[in-house]
Amino acid sequence: MGSARRLGGLIMPIILSAASGGMQPDPPTIGIASAGDTAASVSFIAPVYKGKAQVSDTYTVRAYNSLGTIATGQTKSGSTSPLEITGLTNGTVYTFRAEYSNGYATSSASAASNTVTPIPGTTTTTTTTPAPTTTTTTTTTTTTTTTPAPGVAYFSNPVFWVSAPTTVGGTLTLSYTAVNAASTLIYWYRTSSPVASGGSNTASGTLVQNGGTSYTTSAADVGSYIQATVYVYNSAGAGNYSTTTGIFIVNTTTPSTTTTTTTTTTTTTTTTTTTTLAPATLTTSSVYSYASDSTAPGTIEGSWTTSMSSSVNFSWHNVRIRNTSNNATATQTIFNLNTQTATFTSVVRGSFKFGVQSVGTRQSSGTYIYSTGTGDCPSSGGCVYREESTATVIS
């Protein structure tokens, strides 16, 4: 822990302090992070160099949110790997960094771990198995396993339309990504009143097909909406569900121009009727936001108003906040038309623009349409977020 110096015939020890140099340890090597229910288990490897002296072996793991900010109160210290961090928010993305302290000095933070998202109903079990011990070496193997619980099967993105033609004989095709799901059930309904899309409702009406990721419309569907609900399961039980937007089916045999000709022996009458479909529009307006408190990390809440013409089916809202200094962003996706408010938490100090972009599909073609606040733009590019206000978080 130090050196010695002879003084007046006495040998006096020289005690090293953190300020004398050589005490700064290396950071630990970060390992694997595994998600649980409002918690995560994080493993790490001890640093090669722990400093010239140690009075303790303490490791500290800290949680970071998607903006790279330390999550308040979500820290755990201990002497062995792994450490379990509790108090996390389910559905929020986290990374973790580890530090080492020898009692005199603390290392810098390690590299960031893999990202994890805590999931309701998931338990993380950590098992430590000692290896055979010799007179000189003890080896410890640590294994972290995640045990599925009922409801652990879920969607990483809600079910959505890949192809959504609105005419008779067209094939509706849906897509989704299920996690931890061993099986799925898909129900197709014909209804005059579709429910909101996403996971908050299940489709209802007349069951027209059981199973399959596609459905071909028939004459019986004209004048009604087609909706599908997907359920996911695993060996532990039922997971959650997701529902598509409703697609209104029209009859392709009705032309845009109808000509009727009546002929008698003496008179011929020709009548022409032209039907014009109004342009498809999807407009987002009245966007506003504010910081609900003035101390970082703060909370930014915002709301907006989205309206659309009758020839458009709603798909989802893209919502984000953008740091006006460095253009760093955080985003959310909302699959319910009637949900027109969003909240961002753990926001660092700065000035932020709150923005919204709403997405729908044209009933006439099934192609995507994007709001810009004044009209629509092609899916190939040029679509922007509607930003009308600024929220400031100060420290």
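Of these, 206, 191, 216, which one is among the β-branched types (Val, Ile, Thr) and surrounded by 15 or more Cβ atoms within 10 Å (Cβ to Cβ)?
Working: 206 fails: surrounded by 15 or more Cβ atoms within 10 Å (Cβ to Cβ); 216 fails: surrounded by 15 or more Cβ atoms within 10 Å (Cβ to Cβ).
Residue meeting the stated conditions: 191.
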Expected single match for touching a residue at least 60 places away in the same chain (Cβ under 8 Å), open to solvent by 20 Å² or more (accessible area, probe 1.4 Å) and of a type in the set (S, T, N, Q) among 77, 81 is 81
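What number of residues in the stretch 40-67 are small (Gly, Ala, Ser) and either more than 14 Å from residue 97 (Cα to Cα) or open to solvent by 10 Å² or more (accessible area, probe 1.4 Å) (or both)? Break it down into steps so the answer makes sense when it comes.
Taking the stretch 40-67 and keeping what is small (Gly, Ala, Ser), we get 40-41, 43, 46, 51, 53, 56, 63, 66.
Going one step further and asking which of them are either more than 14 Å from residue 97 (Cα to Cα) or open to solvent by 10 Å² or more (accessible area, probe 1.4 Å) (or both), we end up with 43, 46, 51, 53, 56, 66.
Final tally of qualifying residues: 6.
Check every one of the strands (runs of 3 or more DSSP E) wholly within the stretch 153-232 and list those with 1 or more residues that are in contact with a helix residue (DSSP H, G or I) (Cβ under 7 Å, 6 or more places away or on another chain). Talk me through it step by step, then tell me what you get.
Numbers: elements: 154-163, 171-179, 183-191, 206-210, 214-216.
Filter on the stretch 153-232 gives 183-191.
The values are calculated or read from the model by the stated rules, or taken from the named source; none is laboratory data. Just so you know, these numbers come straight off a predicted model, no measurement behind them. Ideal geometry is used to build each Cβ from the backbone, glycine not excepted, and the neighbour counts take in all protein chains shown. All accessible areas refer to the heavy atoms of the entire protein, side chains included, with ligands and DNA or RNA removed. Shrake-Rupley method; radii C 1.70, N 1.55, O 1.52, S 1.80 Å.
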